[in-house]
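*Asks:* Questions regarding the structure given below will be posed in turn.
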Amino acid sequence: MGKRKIISIDAEKCNGCGLCMPNCPEGAIQMIDGKARLVSDLFCDGLGACIGTCPQGAITVEEREAENYDERRVMENIIPQGQNVILAHLRHLKDHAQVEFLKEALDFLKEKNIPIPADFAHAPIAQPNQSAPEASAASALRQWPIQLHLVSPMAQYFQKKDVLLVADCVGYSLGNFHSEFLAGKSLAIACPKLDSNKDVYVEKVRLLADEAKINTLTAMIMQVPCCRGLIEIARAGLAAAKRTVPLKIVVVGIQGDILSEEWATIEKT
């Protein structure tokens with residue numbers, strides 16, 4: 001047991017609608033006495049795929065002492081539910097770049113002589129810390145445009161997605177930006193120092209929360225002072241939104257290292 005990120009459900013806010021359950025293919029959430037409950041730390045990977053589906057804002061991600069996530073136990077739990085649930089879980093791992101867990105899940109299916117979904121039957125799984133030649137690295141970008149002034153919050157690629165709001169320089173500073181941060185997410189980039197009409201940015205963040213119903217927002221900035229404005233834009237937009245959307249703040253050093261990564265508290269206006 002160690003300290004890690006894991007979901008927390010506020011029983012006072014939960015209205016028992018159950019919308020979170022289909023978005024937890026690991027089976028970590030169940031309805032008990034009319035409320036959503038985290039039934040086992042072992043089943044929760046802490047990625048928060050269920051957060052954006054809660055209309056009450058009852059689900060958050062916290063960091064606490066918890067049992068380690070157990071991929072094999074998760075597979076034992078979901079296999080009886082059929083191929084659709086297995087496929088949803090595998091896609092969840094792939095979309096969040098959980099390479100080790102995905103390989104473990106596929107190995108488990110092979111051990112149990114259970115057919116591997118066609119989407120994963122022949123796809124090679126990259127090994128952790130295995131570096132490919134830079135020229136052959138695949139892009140994780142799945143949309144266009146990406147500049148915040150140009151994107152539409154109503155675009156299909158933002159609907160119920162995990163979204164990155166990134167300062168322009170970040171992508172040039174992190175060699176693993178695509179594989180470690182962008183994979184499985186939608187993207188908007190901006191420069192809080194040089195871009196004009198920041199009020200438009202705040203409104204677009206609000207629309208992402210309320211209209212696109214995004215799952216989470218991760219704001220990534222450089223450590224330099226001029227980048228801090230992007231955090232204020234993210235905070236202001238989410239504070240003005242009716243929905244509660246978790247905000248993660250990632251600060252990147254000028255040497256390409258991650259200086260901090262934490263979930264922020266948003267005070268509604």
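The values are calculated or read from the model by the stated rules, or taken from the named source; none is laboratory data. Quantities reported herein were computed from a predicted structural model and do not represent experimental measurements. Neighbour counts run over all protein chains shown; Cβ positions are idealised from the backbone, glycine included.
*Asks:* Only one of Pro246, Pro192 is farther than 17 Å from Ala167 by Cβ, assigned by TED's automatic domain parsing to the domain that holds Val166, in contact (Cβ under 8 Å) with a residue 40 or more places away in the chain and not hydroxyl-bearing (Ser, Thr, Tyr). Can you tell me which?
*Replies:* Pro246
*Asks:* Which is of a type outside the set (Val, Ile, Thr), touching a Leu at 6+ places or on another chain (Cβ under 8 Å) and either modelled with pLDDT of 90 or more or not in a loop (DSSP other than H, G, I, E, B) (or both), of Leu102, Leu109? So that I can check it myself, show each step before the final result.
*Replies:* Working: Leu109 fails: touching a Leu at 6+ places or on another chain (Cβ under 8 Å).
Among Leu102, Leu109, only Leu102 is of a type outside the set (Val, Ile, Thr), touching a Leu at 6+ places or on another chain (Cβ under 8 Å) and either modelled with pLDDT of 90 or more or not in a loop (DSSP other than H, G, I, E, B) (or both).
*Asks:* Further, regarding this structure: Could you run through region 41-51 and say how many residues are touching a residue at least 40 places away in the same chain (Cβ under 8 Å) and touching a strand residue (DSSP E or B) at 6+ places or on another chain (Cβ under 6 Å)?
*Replies:* At the first step, the residues of region 41-51 found to be touching a residue at least 40 places away in the same chain (Cβ under 8 Å) are 45-51.
Checking which are touching a strand residue (DSSP E or B) at 6+ places or on another chain (Cβ under 6 Å) leaves us with 46, 48, 50-51.
Adding up the residues that qualify gives 4.
*Asks:* For region 168-221, which positions are under 13 Å from the mean Cα position of the chain (by Cα) and under 13 Å from Gln147 (Cα atoms)?
*Replies:* Result: Ser186, Leu187.
*Asks:* Right, next: Test Glu26 against the criterion of being within 23 Å of Leu217 (Cβ to Cβ), among the acidic types (Asp, Glu) and in a loop (DSSP other than H, G, I, E, B), and give yes or no.
*Replies:* yes
*Asks:* If only one of Glu262, Glu267, Glu180 is part of a helix (DSSP H, G or I), acidic (Asp, Glu) and touching a residue at least 12 places away in the same chain (Cβ under 8 Å), which one is it?
*Replies:* Of Glu262, Glu267, Glu180, the one residue that is part of a helix (DSSP H, G or I), acidic (Asp, Glu) and touching a residue at least 12 places away in the same chain (Cβ under 8 Å) is Glu180.
*Asks:* Kindly indicate the residue of region 237-259 that is of a type in the set (A, V, I, L, M) and in a strand (DSSP E or B) and also nearest to Gly57 (Cα to Cα) among those meeting that condition.
*Replies:* Our first condition is that a residue be of a type in the set (A, V, I, L, M); within region 237-259, this holds for 238-241, 245, 247, 249-252, 254, 258-259.
Checking which are in a strand (DSSP E or B) leaves us with 247, 249-252, 258-259.
Working: Leu247: 13, Ile249: 19, Val250: 22, Val251: 25, Val252: 29, Ile258: 29, Leu259: 29 Å.
This residue is Leu247.
*Asks:* Moving on. Name, by its number, the condition in (1) within 13 Å of Val74 (Cβ to Cβ); (2) modelled with pLDDT under 90; (3) more than 16 Å from the chain's Cα centre (by Cα) that does not hold for Met21.
*Replies:* The single condition Met21 does not satisfy is (1).
*Asks:* Could you list, ordered by first residue, the pairs with Cβ atoms under 9 Å in which the first is in region 22-40 and more than 23 Å from Glu71 (Cβ to Cβ) and the second is among the basic types (Lys, Arg), at least 6 apart or interchain?
*Replies:* From region 22-40, the pairs are Met31/Arg37.
*Asks:* When you check Ala88 against the structure, is it modelled with pLDDT under 75 and either surrounded by fewer than 16 Cβ atoms within 10 Å (Cβ to Cβ) or within 23 Å of the chain's Cα centre (by Cα) (or both), yes or no?
*Replies:* So Ala88 does not fit the description; no.
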